[in-house]
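**Q** One structure, as structure tokens, below. Some questions next.
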Amino acid sequence: MTQANINRYIYILFLFTLTFGILLYNLIGIVFKFEYTDEVCALVLFALFFIYLFLTKNWEINKAFLTTLCIFVFYLCYSLSIHSNTMAGIGTDFFIQIKPYLAFFCVYSMAPKFDDHQKAVLKSIALFYWMILFAIGISSLFYPDIIKLIMFHPTNYAAAVICTSLCYFYYSRFTSLDKLAFLLMLTIGILSGRSKFYGFYALSIFVILFFFNARQIKWNVRNILIVACMLATVIFVAWQKISFYFYQAVTDEVEKDMIARYILYATAPDILRDYFPFGSGFASYATYASGVYYSQIYTDYGIETVWGLSKSYYSFVADTYYPSLVQFGVAGIILYLLFWVYLFRQALFFYRKTQNRPFFIIIILIIAYLAIEGTTDSTFISNRGFFVMMLLGLILVDMKRQYYSYLCHP
């Protein structure tokens, strides 16, 4: 398989994921009862990577990717050995948890390069999809239930706005008009009513208006104060959720879905302690598979009667991401953080050599988006996370390519 073929196939898959994995994902699920678009895309992407790897000299593979695969295989064997759930449950959760890493590393390893025409098409399609979302958002002012009817949940609407806006911005020329267009495109997401979106929106405004115009991104007193103000603003707009999950107690007035999330957070430290250091294993806690193949953990810790976490009704069992990290224990949490440190250091290294600020800033926004979403949603391992991680891989590939170009022509 030639690099030209890789470029074309990844381009088609990326466009397919944006269309059916983001914009139409929930509509397909409602109409056709099919909710596995991202799983299909993950399998296709991994198959492409396997073919690519087989045809390369010496089976060259990114060391970080190989390490990640080995870690997941270890946790798979560990989960089977401690019987964290049934084999079907463990296998299901294994695939769900590895999806975002496959999305990033497969794209990053194959290093696709889109030509100018493909980039222009992606930019135009992203804008067209955003216009559809704009129409839905404006309609919600007159028909409040339309977002839920089409997108199933306001969170999906906000995520679709963010994904289309980021895609448009990434394939733009980063002019002042493009920056303004990006912020205006994000603005429609306010209609989702999600406090997480408000936080990301505030962060985006700060980053675009300040860091794009700063002569140099460096740590000094002025920049530290600006970052502190930025974080304070983000925390302020999202304080209602933050204060609930980390400070308040559950009361009768609290919404039922919030109770489930709170209980998942509150129980997590006990599981981390009891299953030190590698956690409770796949499909054991706060994941989709742990609900479908109901985990004994919920009974062991006395939370099987909580609304949304019971065996007969487990709809909120995977409604957040960070508590699910207890499946991997303290060791897994450290490894999860090291992944993001690795990714950020790669981006920072390429930025220092190429000074491509727009790409570096988009990576910061994506990392921030996933970090914010992880508090009350399993975005990272969902269809939305799969697309965003593919986009992250494409951006780092472009930065890496520019870095090698810099080495040849410093």
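The values are calculated or read from the model by the stated rules, or taken from the named source; none is laboratory data. Small disclaimer: the values here were computed from a predicted structure and weren't measured. Backbone-built Cβ (ideal geometry, glycine too); neighbour counts: all protein chains shown.
**Q** Can you confirm whether residue 319 is of a type in the set (Asp, Glu) and free of Cβ contacts under 8 Å to residues at least 60 places away in the same chain? Spell out how you get there, then give the answer.
**A** On the way: of a type in the set (Asp, Glu): yes; free of Cβ contacts under 8 Å to residues at least 60 places away in the same chain: no.
So residue 319 does not fit the description; no.
**Q** Taking residue 321, is it more than 30 Å from residue 405 (Cβ to Cβ) and either touching a Cys at 6+ places or on another chain (Cβ under 7 Å) or hydroxyl-bearing (Ser, Thr, Tyr) (or both)? It would help to see each step written out before you state the result.
**A** Numbers: more than 30 Å from residue 405 (Cβ to Cβ): yes; either touching a Cys at 6+ places or on another chain (Cβ under 7 Å) or hydroxyl-bearing (Ser, Thr, Tyr) (or both): yes.
Yes: the conditions hold for residue 321.
**Q** While we're on this one: Report yes if residue 234 is at pLDDT below 90 and part of a loop (DSSP other than H, G, I, E, B), otherwise no. Break it down into steps so the answer makes sense when it comes.
**A** On the way: at pLDDT below 90: yes; part of a loop (DSSP other than H, G, I, E, B): no.
No, not satisfied.
**Q** Out of 103, 126, I need the residue that is in contact with a Ser or Thr (Cβ under 7 Å, 6 or more places away or on another chain), among the small types (Gly, Ala, Ser) and modelled with pLDDT of 95 or more. Which one?
**A** Details: 103 fails: in contact with a Ser or Thr (Cβ under 7 Å, 6 or more places away or on another chain).
Only one candidate passes the filter, namely 126.
**Q** Filter the range 149-170 down to residues that are surrounded by 21 or more Cβ atoms within 10 Å (Cβ to Cβ) and in a loop (DSSP other than H, G, I, E, B), then give me how many there are.
**A** 0
**Q** Something else about it: Considering the range 264-288 alone, what residues qualify as being touching a residue at least 40 places away in the same chain (Cβ under 8 Å), surrounded by fewer than 24 Cβ atoms within 10 Å (Cβ to Cβ) and under 18 Å from residue 81 (Cβ atoms)?
**A** Listed by number, the residues that qualify are 271, 275, 276, 277, 278.
**Q** Related question: Among 348, 365, 343, which is the only one that is without any contact (Cβ under 8 Å) to a residue 40 or more places away in the chain, over 18 Å from residue 114 (Cα atoms), aliphatic (A, V, I, L, M) and assigned to a helix (DSSP H, G or I)?
**A** Values: 365 fails: without any contact (Cβ under 8 Å) to a residue 40 or more places away in the chain; 343 fails: without any contact (Cβ under 8 Å) to a residue 40 or more places away in the chain.
Exactly one of 348, 365, 343 is without any contact (Cβ under 8 Å) to a residue 40 or more places away in the chain, over 18 Å from residue 114 (Cα atoms), aliphatic (A, V, I, L, M) and assigned to a helix (DSSP H, G or I), namely 348.
The rows are residues; the columns are (1) of a type outside the set (A, V, I, L, M, F, W, C); (2) in contact with a Leu (Cβ under 8 Å, 6 or more places away or on another chain).
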| residue | (1), (2) |
| --- | --- |
| 332 | yes, yes |
| 344 | no, no |
| 349 | no, no |
| 355 | yes, no |
| 368 | no, yes |
| 381 | no, no |
| 401 | yes, no |
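**Q** Tell me, which residue of the range 291-311 that is of a type in the set (Ser, Thr, Tyr) and assigned to a loop (DSSP other than H, G, I, E, B) is surrounded by the most Cβ atoms within 10 Å (Cβ to Cβ)? Talk me through it step by step, then tell me what you get.
**A** Narrowing the range 291-311 to residues of a type in the set (Ser, Thr, Tyr): 293-295, 298-299, 301, 305, 310.
After this cut, where a residue has to be assigned to a loop (DSSP other than H, G, I, E, B) as well, the list is 293-295, 301, 305, 310.
Working: 293: 19, 294: 21, 295: 29, 301: 16, 305: 10, 310: 18.
Taking the candidates together, the pick is 295.
**Q** Related question: What is the residue count in the range 1-11 for residues that are free of Cβ contacts under 8 Å to residues at least 24 places away in the same chain and either under 13 Å from residue 122 (Cα atoms) or part of a helix (DSSP H, G or I) (or both)?
**A** Of the residues in the range 1-11, the ones free of Cβ contacts under 8 Å to residues at least 24 places away in the same chain are 2, 4-5, 8.
Filter once more, keeping what is either under 13 Å from residue 122 (Cα atoms) or part of a helix (DSSP H, G or I) (or both): 4-5, 8.
Summing the residues that are free of Cβ contacts under 8 Å to residues at least 24 places away in the same chain and either under 13 Å from residue 122 (Cα atoms) or part of a helix (DSSP H, G or I) (or both) in the range 1-11 gives 3.
**Q** Quick one: residue 225 ticks every box in (1) assigned to a loop (DSSP other than H, G, I, E, B); (2) modelled with pLDDT under 90 bar one, so which box is it?
**A** (1)
**Q** Follow-up. Does the range 40-52 hold any residues that are farther than 16 Å from residue 11 by Cβ and either crowded, with 16+ Cβ neighbours inside 10 Å or of a type in the set (Ser, Thr, Tyr) (or both), and which are they?
**A** 42, 46
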